[in-house]
Every structure is written in structure tokens, then in C-alpha cells.
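The values are calculated or read from the model by the stated rules, or taken from the named source; none is laboratory data. Since this is a predicted model, take the numbers as computed values, not measurements. Ideal geometry is used to build each Cβ from the backbone, glycine not excepted, and the neighbour counts take in all protein chains shown.
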Amino acid sequence: MNITIYHNPSCSKSRKTLELIEKHGFAPKIVDYLKAPPDAETVLRLASQLGVSVVEILRPGEDDYVALVENASPDDNSALAAGLKNHPRALQRPIVVNEDAGKAIIGRPPETVLELWQK
């Protein structure tokens, strides 16, 4: 199974989620999204795999969120997705993708990630 984690190594939930993935025998592709922010196409794909709109994968408590929504309507998925390139801290973390199944989950709490391979 191919697993990708959109990871923030400074986040305890993200670290715990990565630890759980590795504990279950997976060697995920790790994307440090703060150093390499996903492009708009990737953000739109992640939202689709999660079954939500882009605004639902944002962290409203982040300063980057405020800057992002100043320039894009919360209903404009394309504009929000494009804006994340400049405001990556607004992205929810961690997002884990089962690439083989085309499914994603937000690892909050970290144990929710287990659903990606237990079904």
C-alpha cells in the first residue's frame, strides 16, 4: 500500500500519526508541506479524496488562514487551493492518503489514520 503523509514535523499530532503509520509497517512518502507547499491541483485532489470542500481542510486558528480568506471567498475552492501555496500553515495537518485506494483522512486524532487500511 502506498501511503503519503502531508506532515508538519513540529506538530505533535502529525508526529504521532507518522509514528502510527510506521508502527503498522508502512514506509510513507513524507511531504513536509511547509517546505514544499502543495500546488492547487494537489489541494483540490486532497479535498476530493477527503470528501470535503477546501475550506474544510483549513485551520481557522492560523494567521495564514486569515490572510488566505482575505483574498478568497470560503466558497471558492480553486482560489483557496491556489492561495495555500503562499499560506501553507492554513492547511490542516496531518493529511494521510492511501494512494492505492484514492482515499484520504485527517489524522486528528492520530488513530483515525488506521481507517485507511483496516477496511
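If you scan region 104-119, which residues turn out to be in contact with a strand residue (DSSP E or B) (Cβ under 8 Å, 6 or more places away or on another chain) and not in a loop (DSSP other than H, G, I, E, B)? 104, 105, 106, 112, 113, 115, 116, 117 - these are the residues of region 104-119 that are in contact with a strand residue (DSSP E or B) (Cβ under 8 Å, 6 or more places away or on another chain) and not in a loop (DSSP other than H, G, I, E, B). Here residue 23 meets each of (1) among the basic types (Lys, Arg); (2) farther than 14 Å from residue 97 by Cβ; (3) surrounded by 16 or more Cβ atoms within 10 Å (Cβ to Cβ) with one exception, condition (3).
Take the conditions assigned to a loop (DSSP other than H, G, I, E, B), under 13 Å from the mean Cα position of the chain (by Cα), of a type in the set (A, V, I, L, M, F, W, C) and surrounded by fewer than 16 Cβ atoms within 10 Å (Cβ to Cβ) and apply them to residue 101. Does it pass?
no
Are any of the residues in region 29-38 over 11 Å from the mean Cα position of the chain (by Cα) and within 23 Å of residue 114 (Cα to Cα)? Yes; the residues of region 29-38 include at least one that is over 11 Å from the mean Cα position of the chain (by Cα) and within 23 Å of residue 114 (Cα to Cα).
Quick check on region 58-72. Is at least one of its residues at pLDDT 95 or above and closer than 14 Å to residue 113 by Cα? Scanning region 58-72 turns up no residue that is at pLDDT 95 or above and closer than 14 Å to residue 113 by Cα.
Restricting to region 57-78, give me the number of residues that are within 15 Å of residue 46 (Cα to Cα) and over 14 Å from the mean Cα position of the chain (by Cα). Residues in region 57-78 being within 15 Å of residue 46 (Cα to Cα) and over 14 Å from the mean Cα position of the chain (by Cα): 2 in total. Just to be sure, is residue 9 buried (at least 17 other Cβ atoms within 10 Å of the Cβ), out of contact with any Cys (no Cβ under 6 Å at 6 or more places or on another chain) and at pLDDT 95 or above? Against the criterion (buried (at least 17 other Cβ atoms within 10 Å of the Cβ), out of contact with any Cys (no Cβ under 6 Å at 6 or more places or on another chain) and at pLDDT 95 or above), residue 9 does not qualify. Contact annotation: residue pairs with Cβ atoms under 8 Å, 6 or more positions apart or on different chains, pairing a residue in region 1-26 that is more than 20 Å from residue 43 (Cα to Cα) with a partner that is outside any loop (DSSP other than H, G, I, E, B) and among the charged types (D, E, K, R), are 20/111.
Just checking, does region 98-116 include any residue being touching a Lys or Arg at 6+ places or on another chain (Cβ under 7 Å), among the acidic types (Asp, Glu), within 25 Å of residue 21 (Cβ to Cβ) and free of Cβ contacts under 8 Å to residues at least 60 places away in the same chain? No: zero hits. The residues of region 1-27 that are small (Gly, Ala, Ser) and over 11 Å from residue 93 (Cα atoms), listed by number, are 25, 27.
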